[in-house]
């Protein structure tokens, strides 16, 4: 009876223990339950794997004990439309080119995944991306990188890791504390502005090299009709203001604020989408 009780405790102990809150830059070794309030998620770090949170918002980097695999975990708090758009056939991720020869699959309705080939990385030539869907339009994305012979081990680890993820209340950081630049740099955002009788859609890419692309529908001067626009230029921040300077000489300025872990441009809520246009 005592042995059976001890066995049950060992099995369920990781789930009973309180999760340790991740601190940026600190290295953690599994098995250990971790909580990342800034990402709005908790997870069970596998045995002998190491984890380190990069910056206040991540990503959370997990390293296998033999160095043959690496997983990056990121949070997406505004899943807009079909979550399958987060698993495109081709994408760029931190300078790596990812192309998928396979279709999107689902282990269950809340967990989608896709297999990719990786270009631009000698150590890891394959990638698995898992999208774990949560409540209120939230999601956690796991990017697993590995060698072809390590596929089965990575697949099992990512399934186990995905099953362990829990969604927790988000910790809102003030914009000045987190750094607006780190928050918007390399982002692809959609937002909607009210203009007279119309609602105008804006879609903007803020490339890491300082370039910008703006696509949307603008109301013309008489406010009786609209026209589609596509503008290219450069972007930068002035304090809490986002400035877009276009090649045709026109400019746009938006006051940026962070509230409940959501960015607002000019008072309009933004939705962050994957950026497959520029790094």
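The values are calculated or read from the model by the stated rules, or taken from the named source; none is laboratory data. From a predicted model like this one, the values you see are computed outputs, not experimental measurements. Note: ideal-geometry Cβ built from the backbone for every residue, glycine included; neighbour counts use all protein chains shown.
Identify all residues within region 257-279 that are over 21 Å from residue 243 (Cβ atoms) and not in a strand (DSSP E or B); write none if there are none. Correct list: 260, 261, 274, 276. Going through (1) at pLDDT 90 or above; (2) closer than 24 Å to residue 86 by Cβ one by one, residue 262 falls short only on (1). Please pick out the residue among 39, 10, 107 that is surrounded by fewer than 19 Cβ atoms within 10 Å (Cβ to Cβ), modelled with pLDDT under 85 and closer than 20 Å to residue 163 by Cα. Exactly one residue qualifies, and that residue is 10. Screening region 65-125 for strands (runs of 3 or more DSSP E) wholly inside it with 1 or more residues that are without any contact (Cβ under 8 Å) to a residue 24 or more places away in the chain, more than 19 Å from the chain's Cα centre (by Cα) and closer than 27 Å to residue 30 by Cβ returns the ranges 105-108.
Selection of region 72-104 for residues being at pLDDT 85 or above, closer than 26 Å to residue 51 by Cβ and in contact with a helix residue (DSSP H, G or I) (Cβ under 9 Å, 6 or more places away or on another chain) yields only 73. Residue 51 meets all of the listed conditions (1) under 22 Å from residue 261 (Cβ atoms); (2) modelled with pLDDT under 95 but one, namely (2). Of the residues making up region 127-153, those that are outside any strand (DSSP E or B) and closer than 28 Å to residue 272 by Cα are 134, 135, 136, 137, 138. The residues listed here are 153, 162, 166; of these, the one that is surrounded by 14 or more Cβ atoms within 10 Å (Cβ to Cβ) and without any contact (Cβ under 8 Å) to a residue 60 or more places away in the chain is 162.
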